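> This is the structure I want to talk about, given as structure tokens.
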Amino acid sequence: MSGQTQISRRLMPQNIDDWKELVSGMNPPPQQGPVVTDALRRKFDIHNQRVGTIATRDTHSVRTAIRRAHFENDHSAYGSATCVILNGQPLSGKTHAALFCAFSETREIWSALPHEPDDPRHDRCIPWIYVEVPKLARGLSLLRAIWTFCGCPPLRASSSSADYLEAIRRLAPRIGLRGIIIDDGHGIGARQSKESRLLADILKGLITGLPATIVLVGTGFHESGVLQGSAGEQVRLRGACWIDIGQWALPKPGEVGDWERLGLGLTQRLMLPSPRGAVHLTKRRVLHRLVDGSQHRPGLAVIWAKRAASYAIWHDTDLDLDALNATHAGLPMGTE
């Protein structure tokens with residue numbers, strides 16, 4: 001699998017400059033060939049790694065929740081208030097579900113513009129912002145991350161949280177802001193210290209003070225400190241759109257459920273360089289192995305399927321039970 005080491009592409013948008021390529025979703029499939037060379041194998045390996053989120057019941061539920069939150073926030077008598085909370089195990093597919101919806105809405109908004117979204121003659125169009133809570137989040141780090149994502153020059157060093165919130169509030173209508181995804185949100189209240197309480201207050205200020213829908217993504221929100229205390233309680237109660245991601249029933253004979261749809265989606269989008277190669281992720285035994293081996297986590301199942309596809313490409317085999325078994329040992333079983 002020599003081609004794997006040459007592929008390096010992070011799908012999470014670090015700032016607005018990353019957004020355009022990801023929103024466009026352009027990933028045209030390469031042409032299969034009668035003679036499979038290493039160059040062709042690498043093209044197919046890259047194509048499979050660039051396959052984005054597979055549409056599932058969770059992505060549909062998240063999109064519905066975001067649309068409802070938009071409606072309530074747009075028509076609220078007292079300004080924005082409703083947030084969306086996505087809770088689930090690591091690698092259950094929370095982040096990709098949120099980005100899937102944000103990319104879709106951004107694509108719709110950008111397609112309706114009479115100019116390019118980054119046309120220097122106009123304010124840059126930024127419908128959605130994505131930030132990860134820093135591992136050692138302190139003070140204004142979350143607000144600075146939001147501000148930096150938009151490509152804005154830093155505020156003065158003495159700026160307070162109120163200054164940042166006011167600056168973002170003024171910026172929001174100019175850039176057409178619709179939502180902010182705050183990933184790894186469980187880290188905000190992990191320590192229940194003075195700093196974590198300040199971060200929880202800032203999160204509440206974002207939800208209640210900005211004309212945007214906040215999507216809070218994390219693990220263990222039922223137990224997390226971010227939803228405890230006065231500010232956390234207000235965040236939790238405003239999260240009328242709360243979704244536990246990845247809570248899928250196990251595959252059953254004769255039924256087409258969430259796992260069957262994921263297997264079909266992967267089968268349709270993952271490709272092999274030889275027309276003789278086949279993807280068997282809808283077969284019952286293969287699908288059950290994918291479910292059990294991923295610890296019932298859809299996000300991890302997608303990662304594993306892509307690695308098995310890479311194995312099949314470089315070993316000239318089908319994407320089947322043997323390919324899954326050959327690549328199971330290296331899975332990141334305990335991390336997001």
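> Suppose R0 equals 22 Å; then what is the FRET efficiency for Asn27 and Ala326 from their Cβ-Cβ distance, rounded to the nearest 0.05?
So the FRET efficiency works out to roughly 0.30.
> For the residues Ser92, Ser294, Ser24, Ser158, what sequence is obtained by ranking on other C-beta atoms within 10 Å, fewest first? Before the final figure, lay out the partial values.
Details: Ser92 27, Ser294 24, Ser24 11, Ser158 6.
The fewest-first ordering by Cβ neighbours comes to Ser158, Ser24, Ser294, Ser92.
> Taking every pair of Cα atoms in region 248-314, average 1/r, invert it to obtain the Kirkwood radius, and report Rg/Rh to two decimals.
Details: Rg = 11.7 Å, Rh = 12.1 Å.
With Rg and the Kirkwood Rh in hand, the quotient comes to 0.96.
> If you don't mind, another one. Counting other beta carbons within 10 Å of each residue's own, what order do His75, His328, His60 fall into, fewest first?
Numbers: His75 7, His328 16, His60 13.
Listing His75, His328, His60 from fewest to most nearby Cβ atoms yields His75, His60, His328.
> Give the peptides 205-214, 257-266 in descending order of average Cβ contacts within 10 Å, highest first. Write out the running numbers ahead of the final one.
On the way: 205-214: 21.4, 257-266: 19.6.
Going by the mean number of other Cβ atoms within 10 Å, highest first, we get 205-214, 257-266.
> May I ask you to evaluate 6.51 cos²θ - 1.76 cosθ + 1.60, the Karplus curve with θ = phi - 60°, for each residue of region 155-170 and list the ³J(HN,Hα) values in order in whole Hz, giving x for glycine and proline?
Each residue's phi maps through the Karplus curve to give 6, 4, 4, 8, 4, 9, 4, 5, 5, 5, 4, 5, 5, 5, 5, 6 Hz.
> As a footprinting exposure proxy, order His288, His96, His47 by other Cβ within 10 Å, with the fewest listed first. Don't skip to the answer; put the middle values down first.
Working: His288 14, His96 24, His47 19.
Taking fewest neighbouring Cβ atoms as first place, the list is His288, His47, His96.
> Would you calculate the convex hull of the Cα atoms in region 13-74 and tell me its volume per residue in Å³?
On the way: hull volume 7.9 nm³, N = 62.
Convex hull of Cα atoms, per residue: 127 Å³.
> By the gyration tensor of its Cα atoms, with a ≥ b ≥ c the square roots of the eigenvalues, what is the shape of region 16-167: rounded for a/c under 1.5, prolate for a/b over b/c, or oblate?
On the way: a/c = 1.80, a/b = 1.63, b/c = 1.10.
In terms of gyration-tensor shape, prolate.
Readers should treat all values here as calculations from the given coordinates under stated rules, not as data from a laboratory. Just so it is clear, the structure is predicted and the values come from calculations on it, not from any experiment. Heads up, the Cβs are rebuilt from the backbone with ideal geometry, glycines too, and the neighbour counts pull from every protein chain shown.
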